[in-house]
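First comes the structure, then the notes that go with it.
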Amino acid sequence: MLRLNQRGLADREGWQAAGIELPRFDRERVARNTAERPEWVHFGAGNIFRGFVANAHQALLDAGKADTGIIAADTFDREMIDRVYKPYDNLTLLVLMNARGEFRKKVIASIVESLAADPGHSEDAKRLSQAFASPSLKLVSFTITEKGYALTGPDGRYLKSVEQDIQGGPEQPTHAMSIAAGLVYRRYLAGRYPLALVSMDNCSHNGDKLKHGVVTIAREWVERGFAEAGFLDYLADEALVSFPLTMIDKITPRPSESVREELERLGIEGMDLVVTSRNTYTAPFVNAETSEYLVIEDRFPNGRPSLEAAGIIFTDRETVNQVETMKVTTCLNPLHTALAVTGCLLGYTLIADEMKDPTLRKLVEVIGRREGLPVVVDPGILSPSRFLDEVLGERFANPFIPDTPQRIATDTSQKVGIRFGETIKAYRNRPDLDPAQLTGIPLAIAAWCRYLIGVDDQGRSFPLSPDPLLEPLREHLAGVTLGDTQSGIKVILSDRSLFGVDLYEAGLGGKIEKWFYEMLAGPGAVRATLERELGRIEASEGREAWS
């Protein structure tokens, strides 16, 4: 049997016989170097970090282009460290899966330390402080999800944990932004050493969100006498501290039971799936798609790893913005959200299965190709049409990526303004285009409102995915059942804070409202509405082809 730990890697013939690639660098030497002169700390020990970021750094280590590893820290879920890092000596088994069913398996060994970033673990906190005080530290990266940067709740007030951190100062913070601010303050006190703080989360203007979080906490501490005023000057000096923008794109879903079974069939022990007390789904392995993109604004005051050798793209701020806009507003994220809400309504549990449904495939093709590409931002370094072709032809249709509409439907209220609202605004700003011409996007919005009822297309109740605005949104639709023709949907569709625009002023509110009630008409009404409206587009495309 093969064991995923440092000692187990000695059986190189066994791993090779199982078809699993092993690291080609001296891990013990790299660990010693990291202990003495750390260069990279990462917060957020989840799947996309292990399956993408750490894999990219391993390529440098294997090629002799780096000689230190990554220190992984988690601010949210200590069990990640205790259950999937330390028992396996910080190793991860990466399984990359393409749509043809070909698996590429490799051991990721570039993470050489794992720490819990909370005040309850004094030794880990001490090690993090040492790393941040080291002049050698070059970058601190984050994959903590968009919620990890939020300091306030829906009411605009500081979250309880943030308020406690503000009142308590930098000694024992608990919120991710307070922890980061406290550690950067230690670096400031140690010698004002330069550093790049790099958000790699899948959200718009991620570097700006990170900067806002850290600077806001720092300002509150300075005002209360917990930190020197010079700390704010240090954070504002881009020659010393940078917050680069990035765009990241890789699907790393929950660990798959079928992948676990395959790994155990190959003789690998201990591949059990883990669900933590904080509802994190994880495992000693990461299953992920082969496609991956990471574009980073090249601002690193203390230098950086040569990650371009691993396929990472470094460019200027404007280009990162354009790539992110292309992906988030046109070529991927809007399609994902459309599949999420319609998939939940139509009883699907896999995105790949939805792509076999001609109606749902047509919906995302309309949103992406017909409605998105006319207003897409072309970044130059990536082709929007080719990116979209890969999304529709390879990525979403990959049956070996167990990604679910239920997962993607999480926090939809936080996404619709960017994923749909930006295209609507672009149509309003173009004299040759009219938002009223749109069909796919308003269908997706109508489906989301229908989703909020919590009743599927067969009339069965289903659990809604977590969303910070779920309760207030559902209050507008309280008591609505199949067959109803009245509700508070107008309040939702006119909410600029949701969509970035009043959908009635954009000429879409009436259409969406009409389709919402048609989707409520009875069992099967969601599919019937989608088929009818998308069928009209197909008919018009046929007429255009003949004309």
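Some points to look at:
- Residues of the stretch 217-245 classified as of a type in the set (Val, Ile, Thr) and either surrounded by fewer than 22 Cβ atoms within 10 Å (Cβ to Cβ) or more than 30 Å from LEU382 (Cα to Cα) (or both), total: 2
Here's the yes/no breakdown for (1) open to solvent by less than 10 Å² (accessible area, probe 1.4 Å); (2) of a type in the set (D, E, K, R); (3) within 17 Å of PRO402 (Cα to Cα):
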| position | (1), (2), (3) |
| --- | --- |
| PHE300 | no, no, no |
| MET326 | yes, no, no |
| HIS336 | no, no, yes |
| LEU363 | yes, no, no |
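- Of the residues in the stretch 534-546, at least one is under 20 Å from CYS344 (Cα atoms) and surrounded by 13 or more Cβ atoms within 10 Å (Cβ to Cβ).
- Residue match in the stretch 261-277 (condition: surrounded by fewer than 20 Cβ atoms within 10 Å (Cβ to Cβ) and among the basic types (Lys, Arg)): yes
- Number of residues in the stretch 518-527 that are open to solvent by less than 40 Å² (accessible area, probe 1.4 Å) and outside any loop (DSSP other than H, G, I, E, B) equals 3.
- Selection over the stretch 120-161 of residues that are closer than 21 Å to ALA190 by Cβ and among the polar types (S, T, N, Q) gives a count of 6.
- In the stretch 1-119, counting only helices (runs of 4 or more DSSP H) that sit wholly within it, the ones holding 3 or more residues that are at pLDDT 95 or above and touching a Phe, Trp or Tyr at 6+ places or on another chain (Cβ under 9 Å) span 54-62.
- Positions within the stretch 182-211 being among the charged types (D, E, K, R) and open to solvent by less than 40 Å² (accessible area, probe 1.4 Å), in sequence order: ARG187, ASP201
- Exactly one residue among PHE499, PHE462, PHE516 is within 15 Å of VAL416 (Cα to Cα) and either over 32 Å from the mean Cα position of the chain (by Cα) or not basic (Lys, Arg) (or both), and that residue is PHE499.
- Checking each residue in the stretch 116-147 for being surrounded by fewer than 18 Cβ atoms within 10 Å (Cβ to Cβ) and either at positive phi or of a type in the set (A, V, I, L, M) (or both) picks out only ALA133.
- Hey, ILE512 of a type in the set (A, V, I, L, M, F, W, C) and either outside any helix (DSSP H, G or I) or modelled with pLDDT under 95 (or both) or not: no
- Residue that is surrounded by the fewest Cβ atoms within 10 Å (Cβ to Cβ), among those in the stretch 148-181 that are assigned to a helix (DSSP H, G or I) and hydrophobic (A, V, I, L, M, F, W, C): ILE166
- Residue, least open to solvent (accessible area, probe 1.4 Å), within the stretch 67-111, restricted to residues that are more than 24 Å from the chain's Cα centre (by Cα) and under 24 Å from SER306 (Cα atoms): THR68
- Lone unmet requirement of (1) without any contact (Cβ under 8 Å) to a residue 12 or more places away in the chain; (2) within 23 Å of the chain's Cα centre (by Cα); (3) at negative phi for GLU261: (2)
The values are calculated or read from the model by the stated rules, or taken from the named source; none is laboratory data. This structure is a prediction, so every number in the text was calculated from the model and none was measured. All Cβ positions, even for glycine, are placed from backbone atoms using ideal geometry, and neighbour counts span all protein chains on display. Heads up: the accessible areas ignore ligands, DNA and RNA and are worked out on the full protein's heavy atoms, side chains in. Shrake-Rupley method; radii C 1.70, N 1.55, O 1.52, S 1.80 Å.
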